[in-house]
Amino acid sequence: MASMDKIILITGASRGIGRTVALRLARPGTFLYVNFNRNETAARETLTIIRELGGDGELCRFDVADHRP
């Protein structure tokens, strides 16, 4: 990972409000962890757009409702 000014985790970033928030934060110097649970295709699309906007990121698959250690 290159030097980044901001590192952000966006839950549910593959669609809806999560995607909107991720895209609003995407800019050079920002690294976003794009969280998704089921829709990897949509998450990859979000990451592609983030990169087109100058940001960078990584997909991060997990269920935020799963509280097991």
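The values are calculated or read from the model by the stated rules, or taken from the named source; none is laboratory data. Worth saying up front: this structure is predicted, and the values here are computed from it rather than measured. Here the Cβ is made from the backbone with ideal geometry for all residues, glycine too, and neighbour counts use every protein chain on show.
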| Matching residues, segment 2-31, being surrounded by fewer than 16 Cβ atoms within 10 Å (Cβ to Cβ), touching a strand residue (DSSP E or B) at 6+ places or on another chain (Cβ under 6 Å) and farther than 17 Å from Val64 by Cα | Met4, Lys6, Ile7
| Among the listed residues Leu23, Leu9, which satisfies the condition of being part of a strand (DSSP E or B) and in contact (Cβ under 8 Å) with a residue 12 or more places away in the chain? | Leu9
| message | Please verify whether Gly55 is of a type in the set (Gly, Ala, Ser), modelled with pLDDT of 95 or more and surrounded by 14 or more Cβ atoms within 10 Å (Cβ to Cβ), treating the condition exactly as stated. | response | yes
| message | Being at negative phi and either in contact (Cβ under 8 Å) with a residue 60 or more places away in the chain or not in a strand (DSSP E or B) (or both) is true for just one of Leu47, Leu32. Which residue is that? | response | Leu47
